[in-house]
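Since the structure comes first, as structure tokens, the remarks are kept for the end.
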Amino acid sequence: MIKKLSIAIAMMATFGCSKQPEQTHSVNKAPENTFVSAQPDQAQAVVHNGSAEDSVAAQITQELKPVQDIRLLELKSGESLANLLSRFAFSDRDSWLVEQAVSAWTSLTKLKAGQLIEAELVDGQVQQIRFEYAFAQVIEIKRVDEHWHASLSELETVTQTKRLSTSIDSSFFVDASKIGVPNDIINQSIVALSHLVDFQREVYAGDQIDFVFQEQQLVAAEGILKQISKPIELQHVALLSGKEKYRLYRFTDNGGTTAFYHPDGTLAQSFLMKTPLNGARLSSNFGKRHHPVLGYTRMHKGIDFGAPVGTPIMAAGSGKVLKAGWGGSFGNRVVLDHGKGYQTLYAHLNGFANSLEVGMRVKQGDVIGYLGNTGLSQARHLHYEVHKDGKAINPLTLKQPKNTKLSDTQFDEFSAQVAQITTLLDSENAKLAHHDGQSGSMGSADD
Ligand SMILES: [Zn+2]
């Protein structure tokens, strides 16, 4: 016992210098021991000094096998790891040592209520602790003598292409979310479509939406893991709305620039975005399909977007800040100059983006301010105007300059990608046809 203690003290002195992360850099390869829960022959360097007593004890242990018990525990609000594990012979000192051991990655104080902790007990004492650190990453802390060793394992994942589709019933965001499209993918879709679609006036109940995206999925799920998949990127989004059909495909050109393109290879970006704020936050007040020009009239020279106060407002196009301040009945307003005689105005803002100054240049999509209810405004909304040569024009009917098209060689590459997605959509549609009577949602909405 005394000997063991002195070993522990000696180890304490060098503590912390062997704590290099055992992280592998290849995403799809897991270290071999990833899923293996401690096996007797892997137990690390337990010091036996060859005394007869010890080896007999070891043999007995081998034969009887220590009483192993794996518990899945959930951290409650205000509870520390030490509290949670105190009934399993886990002392404050253990907690302190574990804190040191995991310090290369995190701190135990960062564990929040709801975090799942796997504790492996041997004869009632915690020998190993595991918890999810990030998607497909698990921190594992093992007791070795009086000491704790931590390592980070990357779990094996596969990249999957997923297709989900539905029709709009309440709003683009809500309905996509309902069938399990991850928020990040919905947002990427809305940003891509915002160039072409006014999300408040040009999205109708019954419109079809299609998503093709890639996600990383765990090969094997485990009890402690809350996240079993992670979205990577949107590859295709379609919004089929009456006569207007938008099918957009992600493509990275020779220069390494990634953007969305129409099937004919033209860039699916507009000079001025049609929805200059986060479309996810718009409550669609579905317009009637035959009266698409809701909002803009000779009397009302702009269009209004109703969304929560504080919704970020984006520069509809790249340009220069002409005005940023109080504008009488417009309240807080921003005016941008986009060249070629075009200007845009954003009124009734709650406030401006921190760095915004008159004279500075902004890029399309940059946040310039936040939606509010200032000036002569009866309810929170963004009032948006587009001017051409000093006259207000209807943003919904604004003719967009022709966009650049992919070169022939790039178009061939792009077409091959489009064909792959089309094949996927067709095969999924064929599968759907077999499930008659079922809803249009596909795949599992398991996250
Ligand atoms: Zn207005």
Any hit, the range 201-210, residues being crowded, with 22+ Cβ neighbours inside 10 Å and aromatic (Phe, Trp, Tyr): no
Every residue from the range 313-340 that is more than 32 Å from the chain's Cα centre (by Cα), more than 16 Å from the ligand (Cβ to nearest atom) and surrounded by fewer than 18 Cβ atoms within 10 Å (Cβ to Cβ): 322, 323, 325, 326, 337, 339, 340
Hits in the range 367-385 - residues which are more than 10 Å from the ligand (Cβ to nearest atom), under 21 Å from residue 273 (Cβ atoms) and modelled with pLDDT under 95: 380
Exclusive hit being among the basic types (Lys, Arg), within 26 Å of residue 260 (Cβ to Cβ) and out of contact with any helix residue (DSSP H, G or I) (no Cβ under 7 Å at 6 or more places or on another chain), set 142, 162: 162
Per-region count, the range 341-362, residues within 16 Å of the ligand (Cβ to nearest atom) and part of a strand (DSSP E or B): 6
Which listed residue, of 233, 244, is assigned by TED's automatic domain parsing to the domain that holds residue 418, of a type in the set (Asp, Glu) and under 26 Å from residue 382 (Cα atoms): 244
Matching residues, the range 277-312, being within 16 Å of the ligand (Cβ to nearest atom), within 24 Å of residue 168 (Cβ to Cβ) and modelled with pLDDT of 65 or more: 277, 282, 303, 304, 305, 306, 307, 311
Pair list, Cβ under 6 Å, 6 or more apart: the range 314-340 residue polar (S, T, N, Q), other residue in a loop (DSSP other than H, G, I, E, B): 318/363; 318/364; 329/375; 329/376; 332/374
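The values are calculated or read from the model by the stated rules, or taken from the named source; none is laboratory data. Here the structure is a predicted model, which is why all the values come from computation and not from measurement. Methodologically, a virtual Cβ is constructed for each residue, glycine included, from the backbone with ideal geometry; neighbour enumeration extends over all protein chains shown.
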